[in-house]
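Report on one structure; see the data block that follows.
The values are calculated or read from the model by the stated rules, or taken from the named source; none is laboratory data. Source: prediction; values computed, not measured. Counting neighbours? That spans all protein chains shown, and the Cβs are built from the backbone with ideal geometry, glycine included.
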Amino acid sequence: MSRYTIRSAVKVLDTLFAFDAAEVLTTEELGQRTEQSRNQVFRCIKTLQEYGLITERDAGYALTPMVLKLLPSVRRNPIAAVAEPYLRELQEKTDETVNLVVRWHDRETITLATFPSRQGVRLVSQAGQVSLLHAGATPKAMLAFVSPEEQEAILAELASYPQYTPATETDPKRLRRELEQIRQRGYSISDQDFELGGRGVGAPIFDGRGEPVAGISIGGPVMRVSDATMKNWGPMVVKVAAAISSELGWRGGSLRASGERSGGS
């Protein structure tokens, strides 16, 4: 840390961001995640409570809706403005839930926008949801196209990443093979590895430098989304993601069936 850093503020922020995908955490769990003593965690909790960012629950502490006040500034991301008409059209064609997800803090992702299915039983996503790159349709689609060095660094840390469901891949070798398959076909498949009962496909969005900065996905309940359905969706998400990428300045052409980027980086 630099001499200008307020160390106590860093500890409070560490406590706030420890919640990531967890809904409720105890004092002990927060201490483990932030490597702080019980007394330090308690002071951070009280600070966040007084500001209104977390609230006490029977099982521990949880974030309040106040954290969503920051979301409008995130949504001003130019990717959201470019992607919205494409995603609305995709949702109308499939009548399933369509999501826009961006990379956030290198190895995290955040859902910027979600266009829910109109059907009674549907996959529910929440804007502002944070997850890591190793599971879920859109995160894996992005992970497959990051640099080999960054991908290997993430795979090396895979054991420390959360297992969202029993289907979340935690073996680096198997996930590496899956990422190669994603590159070959151009889109990812999520089969209950992020949320039980949900299946879907995702494709990456590239910026002008050819970096996977975001991605889109289509998802629905397992009762309605068959292997054939996902195979049909795959080319659709690839085509839409390529169109959005083009508007963002990407000149790599379209993702071919082989999953390679033609031209550019």
Assess whether GLN192 counts as being of a type outside the set (Gly, Ala, Ser), in contact with a Lys or Arg (Cβ under 8 Å, 6 or more places away or on another chain), outside the structural domain of PHE19 (by TED's automatic domain parsing) and within 20 Å of THR229 (Cα to Cα).
yes
Cβ-Cβ under 7 Å pairs, at least 6 apart or on other chains, segment 111-137 side farther than 20 Å from ASP95 by Cβ, far side among the aromatic types (Phe, Trp, Tyr)
VAL130/TRP104; SER131/PHE194; LEU132/TYR161; HIS134/TYR161; ALA135/TYR164; ALA135/PHE194; GLY136/PHE194
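Kindly indicate whether ALA144 is touching a residue at least 40 places away in the same chain (Cβ under 8 Å) and touching an Asp or Glu at 6+ places or on another chain (Cβ under 6 Å). Steps first, please.
Details: touching a residue at least 40 places away in the same chain (Cβ under 8 Å): yes; touching an Asp or Glu at 6+ places or on another chain (Cβ under 6 Å): no.
So ALA144 fails the test.
Have a look at GLY197, GLY215, GLY208 and point out the one that is assigned by TED's automatic domain parsing to the domain that holds ARG88 and either surrounded by 17 or more Cβ atoms within 10 Å (Cβ to Cβ) or charged (D, E, K, R) (or both). Before the answer, list the steps.
Working: GLY197 fails: either surrounded by 17 or more Cβ atoms within 10 Å (Cβ to Cβ) or charged (D, E, K, R) (or both); GLY208 fails: either surrounded by 17 or more Cβ atoms within 10 Å (Cβ to Cβ) or charged (D, E, K, R) (or both).
Step by step, each of GLY197, GLY215, GLY208 is checked, and only GLY215 is assigned by TED's automatic domain parsing to the domain that holds ARG88 and either surrounded by 17 or more Cβ atoms within 10 Å (Cβ to Cβ) or charged (D, E, K, R) (or both).
Tally up the residues in segment 198-234 that are in a loop (DSSP other than H, G, I, E, B), small (Gly, Ala, Ser) and touching a residue at least 40 places away in the same chain (Cβ under 8 Å), please.
Taking segment 198-234 and keeping what is in a loop (DSSP other than H, G, I, E, B), we get 207-211, 222-226.
Among the residues that remain, those that are also small (Gly, Ala, Ser) are: 208, 210, 226.
Pick out the ones that are also touching a residue at least 40 places away in the same chain (Cβ under 8 Å) and you get 208, 210.
Residues in segment 198-234 being in a loop (DSSP other than H, G, I, E, B), small (Gly, Ala, Ser) and touching a residue at least 40 places away in the same chain (Cβ under 8 Å): 2 in total.
Considering PRO204, PRO148, PRO162, which residue is of a type outside the set (Ser, Thr, Tyr) and at pLDDT 95 or above?
Numbers: PRO148 fails: at pLDDT 95 or above; PRO162 fails: at pLDDT 95 or above.
When all the criteria are applied, what remains is PRO204.
A quick yes/no check of all residues on (1) at pLDDT 95 or above; (2) within 26 Å of GLU108 (Cβ to Cβ):
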{"residue": "VAL238", "(1), (2)": "yes, yes"}
{"residue": "GLY252", "(1), (2)": "no, yes"}
{"residue": "ARG256", "(1), (2)": "no, no"}
{"residue": "GLY263", "(1), (2)": "no, no"}
